[in-house]
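Notes to accompany the following structure.
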Amino acid sequence: MALEGSIKEFGLADILQLIYFQKKTGTLRVEGPFDTVSIYFRDGNIVGSKSNKRPEALRVGRILVKKGYITEEMLSEALKEHRQRNIRLGDVLLEKQLVDIEVLRETLTRQVTDQIVHLFSWKEGSYVFRPGEIRADSKLELSLDTQHLLMEGLRIVDEWSVVEGKITIDTVFRKTHKTELEEYTKDLGDTELYLLSFIDGESDVGTITEVAALDDLDVSRALIRLKDRGLIEEVKEAVSVEPIGKEAARPVSRALLYVFLVLLLLTLFFFPLRRFAEDFKTAADRVVTAKRVEDLRLKIEAERLLKGSFPEAIESLKDSWGEEIVYQRKGDSYYLFSKGPDRREHTEDDIY
């Protein structure tokens, strides 16, 4: 019989304790607004986890590269074999004797720990635990003490209270002139110096965390320290890649807000009321299309991280007006947009 409910009613800490003390074997699936995470238990202890948002292979591989255990070329080849043979990346690395088993165990343990600890910050979501045998799908098995991880998670959540309100995953930073002055950078730690290389005025905190392959809390703390020193500053209105022959588009969420406000004002004060329904439908169609464009953008960026380059072509996806969303590969960049309601490229109503 499955155990299921809401995180608001029965917190994650209580769920983990119940599974631990009853020595349960099975899978706990936690679904939240931005991710779905599966945690695997054997006799009450945690033996693995999986995030739909952050693939284990890519994240673990990046960590090993950044720590100097393998090269980018080694990771690329290992990822290729991992996909072709449908086996864990860790098993590929062990077979090729590219990484010591203890190094891999430590990296995977940190990966699982970070993934589960992150769940403690979730304010809403649902869970379901289904008992059942957990099949070993790797040569390297983990077994983490659930009680110890629970205490670690509660401690980190308490530390997160210092960060809360100062930074979010959507925050975008840019460097200030102080980064060019040695007096401001000479005593920076390795993490701060490393993260400075990702500050470009376009990448948000979520993107930096993913690419840097570091713990969310560590990244947030380091960025706050850099901000407090005046080395970086928040970008209030981030600028994206400049489309062909047009001004660069604002982030989707801000652009959608402007669209709604403008349409509402025009409808109420300038246009006859009989056109209200028509204008509202257009606004709704733009929202749906913008979401489709953003979904495609995430897939394109994910492929670049996995394969090292942007795809030459993408799956065909139509906008709300029946036109295919345009994808154009341009060297080391690309353009992705919908032609909008007028079905013509490079006009004022294009959606990026």
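Quick one: of LYS8/LYS227; LYS66/LYS236; LYS96/LYS307, which pairs are farther than 24 Å apart, Cα to Cα?
On the way: LYS8/LYS227 34 Å; LYS66/LYS236 30 Å; LYS96/LYS307 20 Å.
Violating the 24 Å Cα-Cα cut-off are LYS8/LYS227; LYS66/LYS236.
Can you list the equivalent-ellipsoid semi-axes of region 173-234, largest first and in whole Å, using the square root of 5 times each Cα gyration tensor eigenvalue?
18, 12, 9
Each residue of region 7-23 in order: what ³J(HN,Hα) in whole Hz does its phi give by Karplus 6.51 cos²θ - 1.76 cosθ + 1.60, θ = phi - 60°, with x for Gly and Pro?
In residue order, the calculated couplings are 5, 5, 8, 9, x, 4, 4, 5, 5, 4, 5, 4, 5, 5, 5, 8, 6 Hz.
Residue farthest toward the positive end of the dipole of region 173-234, with Cβ of Lys/Arg at +1 and Asp/Glu at -1: which of VAL205, TYR194, ILE232?
Positive-end residue among those listed: ILE232.
Could you give each residue of region 123-133 its phi-based ³J(HN,Hα) in whole Hz, using Karplus coefficients 6.51, -1.76, 1.60 with θ = phi - 60°, and x for Gly or Pro?
For region 123-133, the Karplus-derived couplings read 8, 8, x, 10, 9, 8, 10, 10, x, x, 5 Hz, x marking Gly and Pro.
Taking H as built 1.01 Å from N, whose amide H comes closer than 5 Å to the amide H of ILE70, not counting residues under 5 places away?
VAL65
Output the peptides 46-53, 291-298, 58-65 sorted from most to least packed, where packing is the average of other Cβ atoms within 10 Å over each peptide's residues.
The most tightly packed comes first, giving 58-65, 46-53, 291-298.
Return the sequence-ordered ³J(HN,Hα) values of region 96-102 in whole Hz as given by the Karplus equation 6.51 cos²θ - 1.76 cosθ + 1.60 applied to θ = phi - 60°, using x for Gly and Pro.
Here the 3J(HN,Hα) series is 7, 6, 8, 9, 5, 4, 6 Hz.
What's the local net charge at SER38, with K and R +1, D and E -1, over the other residues with C-beta under 9 Å away?
Once all neighbours under 9 Å are counted, the net charge is +2.
What relative contact order, as a whole-number percentage, does region 3-163 give when Cα pairs under 8 Å and 6 or more residues apart are counted? Intermediate results must be reported in sequence, preceding the final value.
Details: 221 pairs, mean separation 58.1, N = 161.
Dividing the mean separation by the residue count of region 3-163 yields 36 percent.
Given an 8 Å cut-off on Cα distances and at least 6 residues of separation, report the relative contact order of region 49-130 as a percent. Provide the component values of the computation, followed by the final result.
Values: 38 pairs, mean separation 26.2, N = 82.
Normalised by residue count, the contact order of region 49-130 is 32 percent.
For region 297-344 and region 80-144, what is the separation of their Cα centres, given in Å?
Using only Cα atoms, the two centres lie 32 Å from each other.
Please list log₁₀ I(q)/I(0) at q = 0.17, 0.18 Å⁻¹ for region 3-163, using the Debye equation with identical point scatterers on the alpha-carbon positions.
Taking Cα atoms of region 3-163 as identical point scatterers yields -1.04, -1.13.
FYI, it's all coordinate maths here, none of it is from the lab. Just so it is clear, the structure is predicted and the values come from calculations on it, not from any experiment. Note that each Cβ is placed from the backbone with ideal geometry, even for glycine, and that neighbours are counted across all protein chains shown.
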